[in-house]
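The values are calculated or read from the model by the stated rules, or taken from the named source; none is laboratory data. Being a predicted model, the structure only gives us computed values, none of them experimental. All Cβ positions, glycine included, derive from the backbone under ideal geometry; neighbour counts span all protein chains shown.
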Ligand SMILES: [Zn+2]
């Protein structure tokens, strides 16, 4: 008998996830260390038998600029806010991973792929914003088709998606399903985790999410497999918690943060529910040891829950296979 599932998805994006608001120089340590972080993640997950879904930006699959341009779809997102257009920065990026490890990552994708227990999913081709004004459903379709095709060059079959900035557009889910994807990561049920637009609401939600990372406001955010919904044939595997990076300003609360995660995992294991944890590899790029120390405590808890309750670590597409196919 199996009791509950532990899902981890990582938004693997490097600079493409933040280029519109953060210069490389302002986040250089974090970005510089992503390669190291991925290697340590692979080693640690091996040690604890944990399976991870790496939701990867399609641009990162390109070997060089020539290939990147070759894959550029005819239709690209026509955001009203032109600052969000990643194609506009193509002229400024380097030619390949060697001279620009902030915009290319093929060798890291190869390393992940060499461990077949993990999954490589998509974080869209261009870090696409699905509810931004100006972009259209046809532009989204082209983007996802391209993400699938650049992955297929490496014999990688894309089955799951994490939407950038968690912007889920319900109308776009059918496109994903038609292209062969089976699951996506939705947000936590509580209102404070819904994407919001007004400045005042953003500030409020951010503050509440911050507090909720340390002190229980919204509960464990775990869920029973029977409540998983199929939106447009895609299974929503909602997030339970964002693993916040180590924060030296609230150092004394680090143990509360880890404790809150462990408690929710235990709740999921005992009650045959799902716990879904996520973060970005670049979150671990600074204070690496501190972040990995937190993660190892979480993996230790997983190991114990696995042996006591048969709590099971699974990828996003692995979960869909297990429960629905
Ligand atoms: Zn992202």
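Please determine whether any residue of region 50-67 is under 19 Å from the mean Cα position of the chain (by Cα) and surrounded by fewer than 18 Cβ atoms within 10 Å (Cβ to Cβ).
no
Looking only at region 158-181, count every residue that is surrounded by fewer than 19 Cβ atoms within 10 Å (Cβ to Cβ), within 16 Å of the ligand (Cβ to nearest atom) and part of a helix (DSSP H, G or I) and tell me the total.
Residues flagged as surrounded by fewer than 19 Cβ atoms within 10 Å (Cβ to Cβ), within 16 Å of the ligand (Cβ to nearest atom) and part of a helix (DSSP H, G or I) within region 158-181 amount to 1.
Somewhere in region 223-236, is a residue in a helix (DSSP H, G or I), at pLDDT 95 or above and in contact with a strand residue (DSSP E or B) (Cβ under 7 Å, 6 or more places away or on another chain)?
First, pick out the residues of region 223-236 that are in a helix (DSSP H, G or I): 225-227.
In the following step, the residues that additionally are at pLDDT 95 or above were identified as none.
No: zero hits.
Quickly run through region 1-33 and pick out the residues that are within 12 Å of the ligand (Cβ to nearest atom), closer than 23 Å to residue 277 by Cβ and crowded, with 23+ Cβ neighbours inside 10 Å.
Those that are within 12 Å of the ligand (Cβ to nearest atom), closer than 23 Å to residue 277 by Cβ and crowded, with 23+ Cβ neighbours inside 10 Å: 9, 10, 11, 12, 13, 14, 16.
For residue 300, are the conditions met, namely being surrounded by fewer than 18 Cβ atoms within 10 Å (Cβ to Cβ) and either in contact (Cβ under 8 Å) with a residue 24 or more places away in the chain or closer than 21 Å to residue 46 by Cβ (or both)?
The answer is yes for residue 300.
With the requirement that a residue be within 13 Å of residue 54 (Cβ to Cβ) and assigned to a helix (DSSP H, G or I), what does region 11-27 give you?
14
Would you tally the residues in region 141-157 being in a helix (DSSP H, G or I), touching a helix residue (DSSP H, G or I) at 6+ places or on another chain (Cβ under 8 Å) and either more than 16 Å from the ligand (Cβ to nearest atom) or without any contact (Cβ under 8 Å) to a residue 60 or more places away in the chain (or both)?
Number satisfying all stated conditions: 6.
Can we say residue 212 is outside any loop (DSSP other than H, G, I, E, B), within 16 Å of the ligand (Cβ to nearest atom) and at negative phi?
On the way: outside any loop (DSSP other than H, G, I, E, B): yes; within 16 Å of the ligand (Cβ to nearest atom): no; at negative phi: yes.
Spelling it out, it is not the case that residue 212 is outside any loop (DSSP other than H, G, I, E, B), within 16 Å of the ligand (Cβ to nearest atom) and at negative phi.
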